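Any read-out appearing in this document is the output of simple, stated calculations on the displayed coordinates, not a laboratory observation. Treat the numbers as computed from the prediction; the structure is a model and nothing was measured. As a convention, Cβ positions derive from the backbone with ideal geometry for all residues, glycine included, and neighbour counts pool all protein chains shown.
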Amino acid sequence: MTKSRSGLYSWILLGVFALLFFLLISNMSLWEGFLRWLFPEERQVLHPRGTLLELVGEHIWLVLVSSVLATLVGVTVGIAVTRPLGRQYLPLVSSISSLGQTFPPVAVLALAVPALGFGFRPTVVALFLYGLLPVVRNTITGIENVSQDVREAAYGMGMSSWQVLLRVELPLALGVIMSGIRTSAVINIGTATVGATIGAGGLGSPIIAGLVGENPAFILEGAIPTALLAFGVDAFLGNIEKSLSR
């Protein structure tokens, strides 16, 4: 009962945070007054490309598409290499997924632009590769950590290998898998700002413009919502992870 009440409070607090975040990014006059107060010497304190609400929407779309793709591919690959037929490829998959995070996102973008052009698609590819490793690793770890006694008990009840996977292994590994998805999504929120260098938009637009134009107001306009968004998404997925663990 106490755990249920604690979980309910967590969701209520998250709902309040989401409402305050929406009100904050919707009020551009508040942002202008705040940034004007911090940087009175700057002639322009708001990035002219669009409102914060539009930039946050673009940012969320980039992260959502790349994170969903990373989750689908990462979980599928993680399951495949824990099966008897695919276990021989486990070291190779681990090495390839690790390699995806050794490349800086800017380098991935530079390689993807000639093939995919500028904007949304190469940014999603870079974020997908960058967010794949935590999902693959946690899927493998979660499934591998399921007790062999539990598997044998399931087989003893007459379950097939697919039934054991769907009814026993995945439910028991779900908390660990969600932890990987959570890490991947939060990483992508920060990394997505780099996509503004090739016209992908999002909260990276004011940050890049501020760096180029030496305007700290622009940088803060992009950096503060990015940090708040990462905090909110981390809390949201963390609540789901706790619910699944319970």
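Quick notes on this one:
- Farthest positive-ward along the chain dipole, Cα basis, beta-carbon charges - from Q148, H59, M178: Q148
- Local net charge near G213, Cβ-Cβ under 13 Å (Lys/Arg +1, Asp/Glu -1): -1
- Whole-number D in µm²/s for the stretch 73-149 (Stokes-Einstein; Kirkwood sum over Cα pairs; 4 °C, 1.567 mPa s): 96
- Per-residue 3J(HN,Hα) values for the stretch 68-85, derived from phi via the Karplus relation 6.51 cos²θ - 1.76 cosθ + 1.60 with θ = phi - 60°, read 5, 4, 5, 5, 4, 5, x, 5, 4, 5, x, 5, 4, 7, 9, 7, x, 6 Hz in sequence order (x marks Gly and Pro).
- Peptides 235-243, 124-132 ordered by packing proxy, namely the average of other Cβ atoms within 10 Å per residue, highest first: 124-132, 235-243.
- From the largest down, the chain spans 74, 52, 20 angstrom on the principal axes of its Cα atoms.
- Calculated from backbone phi, Karplus (6.51, -1.76, 1.60) coupling profile of the stretch 132-143 in Hz, x at Gly/Pro: 6, 4, x, 5, 4, 4, 6, 5, 4, 4, x, 6
- Think of each Lys and Arg Cβ as +1 and each Asp and Glu Cβ as -1; about the Cα centre, that makes the dipole of the chain roughly 620 debye.
- Spin-label model, N27 to R167: label points 7 Å out along the Cα-to-beta-carbon direction sit 5.4 nm apart.
- Trypsin sites (Lys or Arg not before Pro) within the stretch 42-134, DSSP loop, no more than 16 other Cβ atoms inside 10 Å: R43, R49
- Around G195: net Lys/Arg minus Asp/Glu count, Cβ-Cβ under 12 Å: 0
- A protection proxy built from the mean count of other Cβ atoms within 10 Å ranks the segments 102-115, 29-42, most packed first, as 102-115, 29-42.
- Each of A230, S6, I219 was scored by the projection of its Cα onto the charge dipole of the stretch 2-245, and the greatest displacement toward the positive side belongs to S6; charges sit on the C-beta of Lys, Arg, Asp and Glu.
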